[in-house]
Every structure is written in C-alpha cells, then in structure tokens.
1. Per Stokes-Einstein, at 25 °C and 0.890 mPa s, what whole-number D in µm² s⁻¹ belongs to the chain, with the Kirkwood radius over Cα pairs as the hydrodynamic radius?
2. So what is the relative contact order for the chain, in percent, with contacts set as C-alpha pairs under 8 Å and at least six apart?
3. How tilted is helix 9-56 with respect to the longest principal axis of the chain? Cα atoms for both, answer in degrees (0 to 90, nearest 10).
4. Just going by the charge dipole of the chain, with Lys and Arg at +1 and Asp and Glu at -1 on Cβ, which of His5, Ala37, Val96 is farthest out on the positive end?
5. Among Gln121, Gln75, Gln57, which one moves the most in a GNM of the chain with springs linking Cα atoms closer than 10 Å?
6. What is the calculated FRET efficiency for Glu21 to Glu83, with r their C-beta to C-beta distance and R₀ = 30 Å, to the nearest 0.05?
7. How far, in nm, would the chain grow between Arg140 and Arg99 when pulled straight, counting 0.36 nm per residue and subtracting the alpha carbon separation?
8. If you place +1 on the Cβ of every Lys and Arg and -1 on the Cβ of every Asp and Glu, how big does the dipole about the Cα centre of the chain come out, in debye to the nearest 20?
Amino acid sequence: MAGFHFRLGSVLRYRERMREEKKLELYRLDAEKRRLARHIAELEQTIAGHRKMMEEQAGKWLSISELRSQGDFIQCVTEAIIEQSRLKASLDGQLVEKRAEVVGADIKVKSLERLRSRLLQKYRFAESKDEQKLTDEMARQRYTRRDEPR
C-alpha cells in the first residue's frame with residue numbers, strides 16, 4: 001500500500017507561512033507601540049525635570065525671554081507627547097485588527113491540521129484493516145492446508 005499523502009499539504013504550508021507573516025507584523029506593531037510608550041515616558045520625564053528646575057528658580061528673577069523660551073519648550077514637548085499619544089492610539093487599533101487576523105490565520109491552519117489528522121487516522125485504520133485481512137487469509141490458508149489429506 002502506498003504511503004499517506006495529504007493532498008492539501010501545499011495549502012497547509014501556505015497558510016502556515018501567512019500565519020507566520022501575520023505574527024511577525026503583529027510583533028513589529030507591538031515593538032513600535034512599546035517604542036512609542038518609552039518615547040512618551042521620556043518626554044514626560046523631560047517636562048517633569050524642567051518643571052522641577054522652574055520650581056527651584058521660583059525666587060529668582062527671570063527675564064521675559066527666558067520665561068517665554070521655557071514656556072515654548074514645555075508647549076513644544078507637550079505637543080510632541082500629544083502627537084505620540086495619537087500615534088500610539090492608532091497603533092492600538094492596528095494591533096487589535098492584526099490580532100484578529102492572526103486568530104483567523106490560526107483557525108485556518110488548525111482546521112487543515114485537524115483535517116490532515118482525521119485523514120491520516122482513516123488511512124491508518126484502512127491500512128491496519130487490510131493488514132488484518134492479509135493475516136486472516138494467511139491463517140485460513142495455513143489452517144486449510146493442515147486439514148487436507150496427504
């Protein structure tokens with residue numbers, strides 16, 4: 001009897017490759033989200049450090065240009081934080097979509113794997129059934145030969 005051959009093997013390999021590509025894209029998006037979160041935290045630390053410096057200068061006289069430049073700096077950093085937060089929120093939406101795609105790809109691969117498993121099980125059952133028939137036939141022939149007169 002010929003060996004087991006899963007006719008949809010190429011489809012299974014293609015779906016596995018697509019699943020891996022989707023997982024890599026998900027990982028890339030997640031890494032970008034973590035990078036943005038670190039950048040936002042760094043910007044917030046910058047503002048906190050600048051405010052602390054301003055509190056230390058509370059009793060000192062500052063020129064209008066110094067106050068204006070400090071205010072402009074804080075405003076610029078705050079706008080950068082807002083923009084980075086928007087990007088992060090956009091990435092969150094993309095991550096949700098990509099996770100759904102990965103789950104869909106997993107379902108497709110698992111369904112083919114289950115089909116392959118069932119077909120392999122049927123093949124093995126049929127093979128063992130054929131083997132049992134051959135064994136029974138050999139035993140029957142041996143038994144009938146013993147009963148024949150010599």
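1. Details: Rh = 22.4 Å.
Roughly 109 µm²/s, to the nearest whole number.
2. Working: 52 pairs, mean separation 69.8, N = 150.
Rounded, it is 47 percent for the chain.
3. The helix 9-56 is inclined about 20 degrees to the chain.
4. Going by the charge dipole, the pick is His5.
5. Maximum fluctuation in the GNM of the chain, among the listed residues, is at Gln57.
6. Working: r = 30 Å, r/R0 = 0.99.
The formula returns an efficiency of 0.50 here.
7. On the way: separation 41, 0.36 × 41 = 14.76 nm, distance 6.05 nm.
Once the chain is fully extended between Arg140 and Arg99, it gains 8.7 nm.
8. On the way: 34 positive and 26 negative charges, 263 e Å.
So the dipole magnitude of the chain works out to roughly 1260 debye.
Every read-out reported here was derived from the displayed coordinates using simple, explicitly stated rules and does not represent laboratory data. Because the structure is predicted, anything quoted here is derived from the model rather than measured. Positions of Cβ are generated from backbone atoms using ideal geometry, with glycine treated the same way; all protein chains shown enter the neighbour counts.
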